[in-house]
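Here the structure comes first, spelled out in structure tokens, and everything after it is commentary.
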Amino acid sequence: MFGRRNVATLVAEFLGTGVLTLLILSVQRSTIGVPFFVALGAGLTLALMVAALGNISGSHLNPAVTIGMWTARRISTLNGVLYIAAQLLGAWAAYYLYVYFVKVSLQPIGGHFAGRILVAEAVGTAIFTFGWAAAVYQRVTPAATAAVVGLAYMVGIIAASPAAIGLLNPAVALGARAWVWGTYVLGPVLGAIIGINLYGLLFAESTRKVKAASATAAPAAKAPAKKRTTKRAKK
């Protein structure tokens, strides 16, 4: 249960989510805190964390991703709960580290519930997790996985930014003082469930069917040729 590998997995989720939250806080609260630069910094950071820690835990680094993978039956309930706990703790630690750096307490920025914010976070997260699922289901190289996940996160943030902060991550929302259940928590969770399951149920399954069909087509084509050859030999 708590062997070296299991501990390393949880520490990877803790550190990866913490670094991602700290980076987003640093860029978001700086003089260049416009959506594009936040998205760029977040995408590069996530790509780095996936490249460094992906072979340890899979680098979810996001409770919404973990829940989405759980609904797709790609992670057990116990591991999912432990992942989410580690992610939230990592974001919480990043917040206090940032406050220690700037020596100023941060004010909440999440606001109140609004339908358009919920939809924006859900749409942005669906875009992000669709790309994330594509890398996972296609089993591309670690470098390609890191690049795809980082780029997908960047695109998702930009897509959500016209109506929302564009965090796409409940753990980051906790660290950024934007913890609003109806928007920055529920929105990413809904988006991740849609994005991951949409790819898994439609596109990943169709890929397997195409491969299976191509594998069985060759023997069927050869069978008639053998029968014709046998008849000619009898004549």
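Worth a mention:
Here is a yes/no grid of residues against (1) over 19 Å from Tyr83 (Cβ atoms); (2) touching a Gly at 6+ places or on another chain (Cβ under 6 Å); (3) at pLDDT 95 or above:
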position	(1), (2), (3)
Ala12	no, no, yes
Gly33	yes, no, no
Ala47	yes, yes, yes
Gly68	no, no, yes
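- Of all the numbered requirements in (1) touching a residue at least 40 places away in the same chain (Cβ under 8 Å); (2) hydrophobic (A, V, I, L, M, F, W, C); (3) under 30 Å from Phe203 (Cβ atoms), Ile109 misses one, and that requirement is (3).
- Qualifying position, being of a type in the set (Gly, Ala, Ser) and over 17 Å from Tyr184 (Cα atoms), among Ala72, Ala120: Ala72
- Matching residues in region 142-172 - criterion: being closer than 15 Å to Gly182 by Cα and touching a Lys or Arg at 6+ places or on another chain (Cβ under 9 Å): Ala163, Ala164
- Residue identified as more than 24 Å from Asn197 (Cα to Cα) and in contact with a Phe, Trp or Tyr (Cβ under 7 Å, 6 or more places away or on another chain) among Ala178, Ala93: Ala178
- Some residue of region 160-168 being surrounded by fewer than 18 Cβ atoms within 10 Å (Cβ to Cβ) and either at positive phi or within 14 Å of the chain's Cα centre (by Cα) (or both): no
- Phe14 under 18 Å from Gly124 (Cβ atoms) and among the aromatic types (Phe, Trp, Tyr): no
- Gly110 crowded, with 17+ Cβ neighbours inside 10 Å and more than 21 Å from Gly54 (Cβ to Cβ): yes
- The set of residues in region 15-73 being more than 12 Å from the chain's Cα centre (by Cα), buried (at least 19 other Cβ atoms within 10 Å of the Cβ) and of a type outside the set (A, V, I, L, M, F, W, C) consists of Gly16, Gly18, Thr21, Gln28, Gly41, Thr45, Ser57.
The values are calculated or read from the model by the stated rules, or taken from the named source; none is laboratory data. These numbers come from a predicted model, not from an experiment. Neighbour counts run over all protein chains shown; Cβ positions are idealised from the backbone, glycine included.
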